[in-house]
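Trainee: Take a look at the following structure, please.
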Amino acid sequence: MGNVFEEKEFIKTSDGSTGLYNKEVKDIYHSKTGAYSEALEKFINPIFLSGINFGDEVRILDICYGIGYNTKCAIDKLNVNLEADILETDKSLVLISPFIKDNIDNDSLKLSLISEIYKNEEDIKYGIELYKYFNEFGYDKFFSSLYSAFYSFYNNTGNTFALPCNNNSILHNIYYNYISDSMNKGVEINNNKKIKINTHIQDARITLQKINNSYDIIFLDAFSSKKDPTLWTIHFLNLIKQKMKPNSLLISYSKSTAFRSALIELGFNVGKTFLNNTDMGTVASFNKHLIINPLDDIDFKLIDSRSGITYKDPSLSLPPTQILLNRNSEIDISDRISRTKLSKIL
């Protein structure tokens, strides 16, 4: 446990929310300008702008859940029942996600997340060990008071949740959903919405081959393709395609030409998201009417250049270094125009 967060660094972002930096990958999980703001602007606002109509329920696939900003903001902002499959390789991030100081002022949502994520004694004990670790190394300032209440409740009940909850509201919520027969029906939050969270702690390439669900919204929030291209390959994006409904949206912060090129090749309608007139991300759908800002001529010229050569992983098992080497080799022998030469023409 002592080194579980040795390769990560907590960061207080400009909007007051908590972000993370991965020292091993040398990439950020969130923008330093605001982890909460980034989730709203890059992932949630495009949903509203698209005009998509969910009805009473939305199913979300959150690829690279991290500490949960995208899913939490979706639960908070979308006035519908919601079920989410969250894909993450780092279990510790999922377990701490309900407790992070994230600027989401919705205790009912947080309590529901705790109930949905902490569904067995092993996870609860691990979450408690994480709490001890964060306090020992001075990380407690990045967590809400819910975490200390969670820890206190655990100690006050004899290190188990299989006891009556008395009057502790946090424990009541955890206990009720931990032992209740209705646990798998979803947790009701304060405005009568219901949420259900299914956690998948594994390489997303493996998990997505096993899941048979289809989704209304897909968040793709992996590390940048230059750092780790495994979840940006045309073969992985084809897996995502198979999980999408006719009127669903794929949303990502990435504006990579190779990423957009793969989406076009797979038959998606592709568009851009903007903030202050700046291209800041990508949306894709089978329904062209959900794309508010389609790619323009310059984007398509870039796609036709060497920059548009896609990342490939036909076995869905190649390591990042091999995917990068293969693409670089393909670029070296390509007769497409280089981005440098193209930029001189444009």
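Please treat every number below as a calculation from the coordinates, not as lab data. Please read these numbers as outputs of a predicted model, since none were measured by experiment. Ideal geometry is used to build each Cβ from the backbone, glycine not excepted, and the neighbour counts take in all protein chains shown.
Trainee: Rounded to the nearest 5, what % of DSSP beta bridges with both residues in the chain are antiparallel?
Mentor: Values: 21 of 44 bridges.
Of the beta bridges lying entirely in the chain, close to 50 percent run antiparallel.
Trainee: Report the residues of segment 233-273 in range of a label on Phe286: point 7 Å along Cα→C-beta, backbone N strictly under 15 Å from it.
Mentor: From segment 233-273, the list is 238-250, 266-270.
Trainee: Report the gain in length on full extension from Ser334 to Lys194: 0.36 nm times residue separation, minus Cα-Cα distance, nm rounded to one decimal.
Mentor: Values: separation 140, 0.36 × 140 = 50.40 nm, distance 5.13 nm.
Net length gain for the segment: 45.3 nm.
Trainee: Between Asp15 and Lys226, what is the FRET efficiency for a Förster distance of 25 Å, r being their Cβ-Cβ separation, to the nearest 0.05? Please list the in-between numbers first.
Mentor: Numbers: r = 26 Å, r/R0 = 1.04.
Here the calculated transfer efficiency is 0.45.
Trainee: Rounded, prolate or oblate, given the Cα gyration tensor of segment 98-152, with a/c below 1.5 counting as rounded?
Mentor: Numbers: a/c = 2.32, a/b = 1.07, b/c = 2.17.
Since a/c reaches 1.5 but b/c is at least a/b, the shape of segment 98-152 is classed as oblate.
Trainee: Something else now. Suppose every Lys and Arg Cβ carries +1 and every Asp and Glu Cβ carries -1, with no other charges. What dipole size does the chain come out with about its Cα centre, to the nearest 20 debye? Show your work: numbers first, answer last.
Mentor: Details: 39 positive and 42 negative charges, 164 e Å.
So the magnitude is around 780 debye.
Trainee: Starting from 0.36 nm per residue, how many nanometres of slack lie between Thr89 and Lys23 once their C-alpha separation is accounted for?
Mentor: Numbers: separation 66, 0.36 × 66 = 23.76 nm, distance 1.61 nm.
Length gained, Thr89 through Lys23: 22.2 nm.
Trainee: Something else: Along the charge dipole of the chain, Cβ charges K/R +1 and D/E -1, which of Ser334, Ser315, Leu266 sits furthest on the positive end?
Mentor: Ser334
Trainee: Okay, moving on. Could you tell me how many degrees, from 0 to 90 and to the nearest 10, lie between the Cα long axis of helix 107-117 and the main elongation axis, the longest principal axis, of the Cα atoms of the chain?
Mentor: Here the helix axis deviates by roughly 80 degrees.
Trainee: Subtract the Cα-Cα distance of Lys210 and Phe48 from 0.36 nm times their separation in residues, and report this length gain in nm to one decimal.
Mentor: Numbers: separation 162, 0.36 × 162 = 58.32 nm, distance 3.00 nm.
Difference between extended and current length: 55.3 nm.
Trainee: Tell me, what ³J(HN,Hα) does each residue in segment 336-341 have, in order and in whole Hz, if you take phi through Karplus 6.51 cos²θ - 1.76 cosθ + 1.60 with θ = phi - 60° and put x for Gly and Pro?
Mentor: 5, 5, 6, 5, 4, 5
Trainee: How much net charge surrounds Pro229 when only other residues with a Cβ under 11 Å from its Cβ are counted (Lys, Arg +1; Asp, Glu -1)?
Mentor: Numbers: positive: Lys226, Lys227, Lys312, Arg327; negative: Asp228, Asp313.
In short, +2.
Trainee: Same structure again: Given a cut-off of under 8 Å on Cα pairs at least six residues apart, what relative contact order in percent is computed for the chain?
Mentor: Working: 595 pairs, mean separation 56.3, N = 346.
Computed over the chain, the figure is 16 percent.
Trainee: What lysines does Lys301 reach when the alpha-carbon gap must be under 25 Å and sequence neighbours fewer than 8 apart in one chain are set aside?
Mentor: Counting by Cα, and skipping residues close in sequence, Lys301 has these lysines nearby: Lys42, Lys226, Lys227, Lys241, Lys255, Lys272, Lys288, Lys312, Lys341, Lys344.
Trainee: Checking the a/c ratio against 1.5 first, then a/b against b/c, what shape does the Cα gyration tensor give for segment 6-160? Before the final figure, lay out each step's value.
Mentor: Values: a/c = 1.90, a/b = 1.31, b/c = 1.45.
Judged from the Cα gyration tensor, segment 6-160 comes out oblate (a/c at least 1.5, b/c at or above a/b).
Trainee: Then there's this: Give me the Kirkwood hydrodynamic radius of segment 218-346 in Å, from all C-alpha pairs, to one decimal place?
Mentor: Working: mean 1/r = 0.0663 Å⁻¹.
Over segment 218-346, the inverse of the mean reciprocal pair distance is 15.1 Å.
Trainee: Around Lys272, which amide H atoms from residues at least 5 apart in sequence, or from another chain, sit under 5 Å from its own amide H, with H modelled in the peptide plane?
Mentor: Amide H neighbours of Lys272, under 5 Å, 5+ apart: Val283, Asn293, Leu295.
Trainee: For the chain, modelled as a GNM with alpha-carbon contacts under 10 angstrom, which of Tyr65, Tyr215, Tyr151 fluctuates the most?
Mentor: Tyr151
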